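Colleague: Below: one structure in structure tokens.
The values are calculated or read from the model by the stated rules, or taken from the named source; none is laboratory data. Model, not experiment: these values are computed from the prediction. Cβ sites come from the backbone with ideal geometry, for glycine too, and all protein chains shown count toward neighbours. Heads up: the accessible areas ignore ligands, DNA and RNA and are worked out on the full protein's heavy atoms, side chains in. Shrake-Rupley method; radii C 1.70, N 1.55, O 1.52, S 1.80 Å.
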Amino acid sequence: MRWAAKRNTSPFGVLDEDSGQVYLTFGSSSKTSDFIVDSLCRVWEQMPSADKDACQCIQIKADNGPESSGIRTQFLKRMVEFANHTGKTVHLLYYPPYHSKYNPIERCWGILEQHWNGTQLKDAETLLEWAKTMTWKGINPMVEFSRKVYEKGVTLSKKAMEAVEARLERNAALPKWDILIRPVFG
């Protein structure tokens, strides 16, 4: 997004399609696989216990960006860890190139851009306060700012990736676009 690059912030968003709750994280560092999964972990921790208990499978619709694609080694490693952490099956579903407009979180970004249209987002505090006043289906988003510095270009060795790949259940017809990760306990 143009505004993020100008402000040295990396945006990440999660839309809970069942409740309509939007979770927005803005980072002061690069948007990396680790930033994305750390943000997902924080969203999981913020969710009401009843919602977590009722959840059988965490379905993640992603845009297949370079930091979260179905072949990105660090992302897949961290998603295996996320499945283990939550104790829930994670289902990664990717939109084909140029189809992210069908991802519901993209509509939230559009609403946010309209909401702060013309506002001078001169610093992170202004950006965060405006983001908090946006509404999606009558609900204000949960907004946070991450100051953690993330290293770019983190990858796994071939051997380490073999262990991760063993945990992935790739759809035979769409192996890069449809991946199931079951948790391992203990």
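Colleague: What do you reckon, is Arg42 of a type in the set (Lys, Arg), under 29 Å from Leu180 (Cα atoms) and surrounded by fewer than 18 Cβ atoms within 10 Å (Cβ to Cβ)? Working first, answer last.
Modeller: On the way: of a type in the set (Lys, Arg): yes; under 29 Å from Leu180 (Cα atoms): yes; surrounded by fewer than 18 Cβ atoms within 10 Å (Cβ to Cβ): yes.
Answer is yes for this residue.
Colleague: Output yes when any residue across region 148-165 is more than 21 Å from Ser29 (Cβ to Cβ) and under 20 Å from the mean Cα position of the chain (by Cα), and no when none is. Steps first, please.
Modeller: Residues of region 148-165 more than 21 Å from Ser29 (Cβ to Cβ): 157-165.
Still in the list and also under 20 Å from the mean Cα position of the chain (by Cα): 164.
Within region 148-165, one or more residues are more than 21 Å from Ser29 (Cβ to Cβ) and under 20 Å from the mean Cα position of the chain (by Cα).
Colleague: Scan region 133-141 and give yes if some residue there is open to solvent by less than 30 Å² (accessible area, probe 1.4 Å) and more than 24 Å from Ile181 (Cα to Cα), otherwise no.
Modeller: Keep residues of region 133-141 that are open to solvent by less than 30 Å² (accessible area, probe 1.4 Å), which gives 134, 141.
Still in the running and more than 24 Å from Ile181 (Cα to Cα): 134, 141.
There is at least one residue in region 133-141 that is open to solvent by less than 30 Å² (accessible area, probe 1.4 Å) and more than 24 Å from Ile181 (Cα to Cα).
Colleague: If you check Thr73 against the conditions, is it closer than 10 Å to Ile181 by Cα, in contact (Cβ under 8 Å) with a residue 24 or more places away in the chain, polar (S, T, N, Q) and touching a helix residue (DSSP H, G or I) at 6+ places or on another chain (Cβ under 8 Å)? Quick ask: steps written out before the conclusion?
Modeller: On the way: closer than 10 Å to Ile181 by Cα: no; in contact (Cβ under 8 Å) with a residue 24 or more places away in the chain: yes; polar (S, T, N, Q): yes; touching a helix residue (DSSP H, G or I) at 6+ places or on another chain (Cβ under 8 Å): yes.
Taking the combined requirement at face value, the residue does not satisfy it.
Colleague: Could you tell me which residue of region 162-186 is surrounded by the most Cβ atoms within 10 Å (Cβ to Cβ), considering only residues that are more than 30 Å from Thr9 (Cα to Cα) and among the charged types (D, E, K, R)?
Modeller: Ranking the candidates gives Arg167 first.
Colleague: Can you tell me which condition Lys52 does not meet? The list is (1) surrounded by fewer than 18 Cβ atoms within 10 Å (Cβ to Cβ); (2) farther than 24 Å from Glu169 by Cβ, and all the others hold.
Modeller: Condition not satisfied by Lys52: (2).
Colleague: Can you spot a residue in region 81-95 that is loosely packed, with under 12 Cβ neighbours inside 10 Å and within 21 Å of Val37 (Cα to Cα)? Steps first, answer last, please.
Modeller: Filtering region 81-95 for residues loosely packed, with under 12 Cβ neighbours inside 10 Å gives 87.
If we keep only those that are within 21 Å of Val37 (Cα to Cα) too, we end up with 87.
Yes: one or more hits.
Colleague: Something else now. Is it true that Lys61 is at pLDDT 90 or above and not polar (S, T, N, Q)? Outline the logic, then answer.
Modeller: Values: at pLDDT 90 or above: yes; not polar (S, T, N, Q): yes.
Spelling it out, Lys61 is indeed at pLDDT 90 or above and not polar (S, T, N, Q).
Colleague: Of the conditions (1) under 21 Å from Asp16 (Cα atoms); (2) touching a Gly at 6+ places or on another chain (Cβ under 8 Å), Asn140 clears all except one; give me its number.
Modeller: (2)
Colleague: Find the residue count for region 145-161, including only residues that are in contact with a Leu (Cβ under 9 Å, 6 or more places away or on another chain) and either open to solvent by 90 Å² or more (accessible area, probe 1.4 Å) or of a type in the set (Lys, Arg) (or both).
Modeller: Here is the first cut: in region 145-161, the residues in contact with a Leu (Cβ under 9 Å, 6 or more places away or on another chain) are 145, 156, 161.
Still in the list and also either open to solvent by 90 Å² or more (accessible area, probe 1.4 Å) or of a type in the set (Lys, Arg) (or both): none.
Going through region 145-161 one residue at a time, the tally reaches 0.
Colleague: Go over the candidates Ser10, Ser19, Ser29 one by one and state the one that is under 19 Å from Glu144 (Cβ atoms), touching a residue at least 12 places away in the same chain (Cβ under 8 Å) and surrounded by fewer than 14 Cβ atoms within 10 Å (Cβ to Cβ).
Modeller: Numbers: Ser10 fails: surrounded by fewer than 14 Cβ atoms within 10 Å (Cβ to Cβ); Ser29 fails: surrounded by fewer than 14 Cβ atoms within 10 Å (Cβ to Cβ).
Going through Ser10, Ser19, Ser29 in turn, the sole match is Ser19.
Colleague: Within region 1-43, can you find the residues that are in a helix (DSSP H, G or I) and either modelled with pLDDT under 90 or more than 11 Å from the chain's Cα centre (by Cα) (or both)? Show your work before the answer.
Modeller: Kept after step one, since they are in a helix (DSSP H, G or I), are these residues of region 1-43: 2-7, 33-43.
Across region 1-43, the qualifying residues are Arg2, Trp3, Ala4, Ala5, Lys6, Arg7.
Colleague: So how many residues does region 96-132 have that are touching a helix residue (DSSP H, G or I) at 6+ places or on another chain (Cβ under 9 Å), among the hydrophobic types (A, V, I, L, M, F, W, C) and open to solvent by 20 Å² or more (accessible area, probe 1.4 Å)?
Modeller: Residues that pass the stated criteria total 2.
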